[in-house]
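A short worksheet on the structure shown next.
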Amino acid sequence: REATDATTSALEYDSGVLTAKQAVKKLSEQMRTIAESGELPGLSTGMDPIDTVTGGMRPGELWVVAAETSGGKSVWLLQTAVSAIQMGKRVLIISLEMQASLVVSRMACNLRAVPLGTFTHPRQAGARWLQVASDCLKGLAEAPLSIHDKGGVTFDQIAGIARCEAVRHGKLDLLIVDYLQLVDGSRRRRDETREQEMAGISRGLKSLAKALDCPVATASQMNEQGKMRESRAIGFDADVVLVIEEDGIRGAKVRNAERGQLFPLKLNGSLQRFERVYVAPQQTEFRTR
């Protein structure tokens, strides 16, 4: 009797298992949709060199951008957010470092190429830039965007906030967590190291991306040896790892493309965005014998 009840319960439970035929059909439908629409398979990052190679941020993927302190991690994350809301996508930003007002000002810089000084020193900004900034902020106020800036939150709280937003607004199209090392670890078990805790957080974000069926983008600091700070597992769990370097952004790990490619993107701090750098082709020197 108990075995029969267990079998019935298992059959009624949606385990998420697909047959080979169902999996092939799902892939075929995805390919047909992409081919007919001409769009990226995933969500655009707002940076063409990266989109061309990766196909954009796909649902269920975990993207990690890494850099040293003040290397442009937050700028990269907010640029992806701007790109998403421009397409009418729903975005949730968990900002563990900056207040919401700072997040919005930097997004406005990126969105309308407004110099950052317009927001930080408005008395010194000209009337023209103040008007542009005002118009931009009015537009952002109506964007499908939510920002949580309280800080000091655990991974479980992040997951709870994201799920609540998904219920409230229907579905999240992009979740941004800025950044990994600032996730509160006060609930760590006594026998757990910080490295193990960070591994659990990155693994949790990957699972959350799949559960929410949307990409999750986050950032990680790098140590003096150029490695992920506090846990190598961050790179293992991520589908894409981008490293901000002096001469561009390197694809240290790209699930659907060749790794190690250097994307010609440079940080424009005044406009809070990464811009493409056009490099002239090298001239080949011919010598006669």
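How many of the residues in the stretch 195-211 are farther than 16 Å from residue 228 by Cα and surrounded by fewer than 23 Cβ atoms within 10 Å (Cβ to Cβ)?
Residues that pass the stated criteria total 6.
Please determine whether any residue of the stretch 156-164 is outside any helix (DSSP H, G or I) and within 14 Å of residue 93 (Cβ to Cβ).
Checked the stretch 156-164: no residue is outside any helix (DSSP H, G or I) and within 14 Å of residue 93 (Cβ to Cβ).
Take the residues of the stretch 230-247 that are part of a helix (DSSP H, G or I) and small (Gly, Ala, Ser): which is nearest to residue 59 (Cα to Cα)?
Our first condition is that a residue be part of a helix (DSSP H, G or I); within the stretch 230-247, this holds for 233-237.
With small (Gly, Ala, Ser) added as a condition, the list becomes 233, 235.
Values: 233: 21, 235: 18 Å.
Out of the qualifying residues, it is 235.
Can you name every residue in the stretch 111-138 that is within 22 Å of the chain's Cα centre (by Cα) and part of a helix (DSSP H, G or I)?
Hits for the stretch 111-138 are 111, 112.
For every residue, the table says whether it meets (1) in contact with a Phe, Trp or Tyr (Cβ under 8 Å, 6 or more places away or on another chain); (2) in a helix (DSSP H, G or I).
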| position | (1), (2) |
| --- | --- |
| 81 | no, yes |
| 89 | no, no |
| 94 | no, no |
| 109 | yes, yes |
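Against the condition under 17 Å from residue 105 (Cα atoms) and among the β-branched types (Val, Ile, Thr), how does residue 176 come out, does it pass?
Values: under 17 Å from residue 105 (Cα atoms): yes; among the β-branched types (Val, Ile, Thr): yes.
Yes.
Search the stretch 92-111 for residues that are under 15 Å from residue 268 (Cα atoms) and pair each with any residue that is assigned to a helix (DSSP H, G or I) and open to solvent by less than 40 Å² (accessible area, probe 1.4 Å) when their beta-carbon atoms are under 6 Å apart and the residues are at least 6 apart or on different chains.
What qualifies is 106/78; 107/78; 107/82; 108/136; 110/79; 110/82; 111/82; 111/136.
Working only within the stretch 36-55, note down all residues that are open to solvent by 80 Å² or more (accessible area, probe 1.4 Å) and modelled with pLDDT under 90.
Across the stretch 36-55, the qualifying residues are 36, 39.
Which of the residues spanning the stretch 153-195 are of a type in the set (Gly, Ala, Ser) and over 19 Å from the mean Cα position of the chain (by Cα)? Give the steps one after another, and end with the answer.
Pass one, the stretch 153-195, residues of a type in the set (Gly, Ala, Ser): 159-160, 162, 166, 170, 185-186.
Selection gives 170, 185, 186.
Quick one: what pairs do we get from the stretch 56-74, first residue open to solvent by 20 Å² or more (accessible area, probe 1.4 Å), second in a helix (DSSP H, G or I), C-beta under 8 Å, 6+ apart or different chains?
Close Cβ pairs (under 8 Å, with a partner that is in a helix (DSSP H, G or I)) amount to 59/209; 74/106.
Identify, please: which residue in the stretch 249-289 is among the β-branched types (Val, Ile, Thr) and open to solvent by less than 70 Å² (accessible area, probe 1.4 Å) and is, among those, modelled with the highest pLDDT?
249
Residue-by-condition table, conditions (1) in contact with a Lys or Arg (Cβ under 6 Å, 6 or more places away or on another chain); (2) under 26 Å from residue 163 (Cα atoms); (3) modelled with pLDDT of 95 or more:
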| site | (1), (2), (3) |
| --- | --- |
| 110 | yes, no, no |
| 117 | no, no, no |
| 120 | no, no, no |
| 138 | no, no, no |
| 141 | no, yes, no |
| 148 | no, yes, yes |
| 152 | no, yes, no |
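Do we find that residue 201 is touching a residue at least 12 places away in the same chain (Cβ under 8 Å) and touching a strand residue (DSSP E or B) at 6+ places or on another chain (Cβ under 8 Å) in this structure?
Details: touching a residue at least 12 places away in the same chain (Cβ under 8 Å): yes; touching a strand residue (DSSP E or B) at 6+ places or on another chain (Cβ under 8 Å): no.
No: the conditions fail for residue 201.
The values are calculated or read from the model by the stated rules, or taken from the named source; none is laboratory data. Not measured: the values here are computed from a predicted model. Positions of Cβ are generated from backbone atoms using ideal geometry, with glycine treated the same way; all protein chains shown enter the neighbour counts. Areas reflect the complete protein model, heavy atoms only, side chains present, ligands, DNA and RNA absent. Shrake-Rupley method; radii C 1.70, N 1.55, O 1.52, S 1.80 Å.
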